[in-house]
1. Pop out the carbon and sulfur fraction of the accessible area of the stretch 22-119 as a percent, whole number, probe 1.4 Å.
2. Using +1 at the C-beta of Lys and Arg and -1 at the C-beta of Asp and Glu, which of Ala217, Val23, Leu233 has the Cα lying farthest in the positive direction of the dipole of the chain?
3. Suppose we keep just the alpha-carbon trace of the chain; what are its Rg and Dmax in angstrom?
4. Only residues of the stretch 309-349 count here: report those whose backbone N is under 16 Å from the spot 7 Å along Cα→Cβ of Leu254, or say none.
5. Mind checking which lysines have their Cα closer than 24 Å to the Cα of Lys444? Skip sequence neighbours fewer than 8 apart in that chain.
6. If I model a spin label as a point 7 Å beyond the Cα along the Cα-Cβ vector, how far apart are those points for Glu470 and Met302 in nm?
7. If R₀ is 35 angstrom, what is the calculated FRET efficiency for the pair His202 and Trp553, using the beta carbon separation as r and rounding to 0.05?
8. What does the charge count near Val559 come to, summing +1 for each Lys or Arg and -1 for each Asp or Glu among other residues with Cβ under 15 Å from its Cβ?
Amino acid sequence: MQRHEVVVVGAGLAGQRAALAAVQAGRDVAIVTKLHPLRSHSGAAQGGINAAVGKEDSVETHIYDTVKGSDYLGDQDAIEFFCREAGPTVVEMEHFGTIFSRAPDGSLARRAFGGAGFPRTIYAADRTGLALLQGLWERLGTEEFTLYEEWDLTELVVRDGRVQGLIAFDRKSGAFEGIAAPSVVIATGPFGRIYGRTTNAHSCTGDGVAAAYDAGAFLKDMEFVQFHPTALLESGILITEGARGEGGILKNALGERFMSRYAPHVLELASRDVVSRAIVTEVAEGRGFPGPYGAYVHLELMHLGREKIESRLQEIVDFSRHFAGIDPVTQPIPVYPGQHYMMGGVGTNIRGETNLPGLYAAGEAACVSIHGANRLGGNSLLETLVFGKQAGTAAAEHAQSAPRAELSAADVEAAQAPLRAWSSRPSGEDPSALRTELQQTMEKYVGIYRTEADLLEGLQRVRALRARFEQIRVVDQSKVYNLNLTDALETGHMLELAEVIVVGAYARTESRGAHSRTDYPKRDDEHWMKHTMAKKTAEGPNLSYTPVTYTRWEPKERVY
Ligand SMILES: Cc1cc2nc3c(=O)[nH]c(=O)nc-3n(C[C@H](O)[C@H](O)[C@H](O)COP(=O)(O)OP(=O)(O)OC[C@H]3O[C@@H](n4cnc5c(N)ncnc54)[C@H](O)[C@@H]3O)c2cc1C
């Protein structure tokens, strides 16, 4: 049995920032991570991080853009705090060693991003996430903490109304271990792999969110799923919004720059929900290019010239060449929307606190909420750092005064019981087949446009898959790197979270941000200006609602 004061689960930007804050507060800190820290999905972020710096831009505009982008579902007190922290956070990251791209005068270079009233996305070419992750990892490396690498959180232990620690599974040895701790921070990142076409890494399966839900935490606004307008056709690999920020344009098969019909003022730089719906509509109405992987539209960069494309969008050039067989310097890139980001997650306040004493969450696994119904590009890297620090600080404070955490060998034993059944069955369901069916179901019935009939069908299918999951069989009996077992654990988490997404989407009879119901096409502020809170019960997710916090911005119609 291990013991620490603060355990952070996840070593992406949110987890590392939380750990740094807790170490700096003088606590004994451990990080549990299923991947090497630098392999976290944060490292895949391309486009950049938002901060209103310099004379021409203002924090006020950043706040307003974020409130509007959220379709008025974001909590305005949290958004104000978040935007004010942006400048100091970016400067701090630079001091930690992140090298950002520069303007000719030596100041931080900034590019335009969707839904932003000013070009305020600071970047490191199109590898911003990796540059941030490396800078933070080097800084964290100067402090003392324990790293449990390639350990998978399987469950949280909550007793006497507070967190006592967690159970994790060591991929290298196959052993289950208990870690007692009064404070646990969930920073396990995205869960986009619930969908088939996603820009998310294979590891993005929502393990920590599912563990928090199992332990009694509220999940917030889970029905809001962001689709990125420009995912590469066959693979779903992201083509950053920075490509449009640098001047890239979208065209349909008739050669029309169709965004003029949907967002006449800002065209391709409308927010993501708007651009994604526009592409889907163009294709549905027969103006897409046909292809073996489905119809698509073109993203054209050619007019920007070789120099700009190859210096500012190096990864985009590589991805297009290697994964689509085209050269964006001379040819258009075939794109179609793909799942990209989860606005929902473990419900927290500004300090990262959840409804369970001792449990904290930050980063994409959490929902504060600053993104509301639709996240603006560049706000999420910032969120990981701003709220990672908050959660780490609060977790450290709690650990200092909390009673000793009690975890026993019986807890570790209990966590393994269901898994033993999976391995000992002579026959049963194949977890990877269930995962593929789940992805197809979510893609088809819980996508960009939603209807009551589709959501109901989706819910029935997800519930049927959950029932089949009860009968899974893990064929591989080995202890060392048993990917069959990790696959099964992850599939179970995704099925659980998918049910919460569909139930929330079915209940919300309006269209707001990324949640677009063709049977309820209007935003309905009178009935739905509220957050969905889902709690686990034996009968499935139980929904309740909490009010949105307003400060200064009255809801208006959202046009770009
Ligand atoms: C392709 C792509 C590009 C993006 N580009 C941008 C961008 O330009 N700007 C922007 O603002 N946002 C961008 N985003 C979003 C942003 O990158 C993410 O929301 C953010 O980086 C998530 O950080 P995180 O720390 O919450 O999670 P992650 O970086 O995903 O880290 C999660 C961590 O949790 C660990 N973990 C997961 N499950 C377990 C478990 N069971 N046990 C132990 N550890 C576990 C993993 O090992 C990992 O270390 C992009 C996202 C993608 C997918």
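1. 54
2. Among Ala217, Val23, Leu233, the one farthest towards the positive end of the dipole of the chain is Leu233.
3. 22.4, 68
4. none
5. Lys220, Lys522
6. 5.8
7. Efficiency computed from Cβ-Cβ geometry: 0.35.
8. Working: positive: Lys68, Arg261, Arg277, Arg512, Lys522, Arg523, Lys556, Arg558; negative: Asp65, Asp71, Asp273, Glu557.
Result for the neighbourhood of Val559: +4.
The values are calculated or read from the model by the stated rules, or taken from the named source; none is laboratory data. As the structure is a prediction and not an experimental result, all values here were calculated from the model. All Cβ positions, glycine included, derive from the backbone under ideal geometry; neighbour counts span all protein chains shown. The protein model used for the area step is the full one, side chains on, heavy atoms only, and it has no ligands, DNA or RNA in it. Shrake-Rupley method; radii C 1.70, N 1.55, O 1.52, S 1.80 Å.
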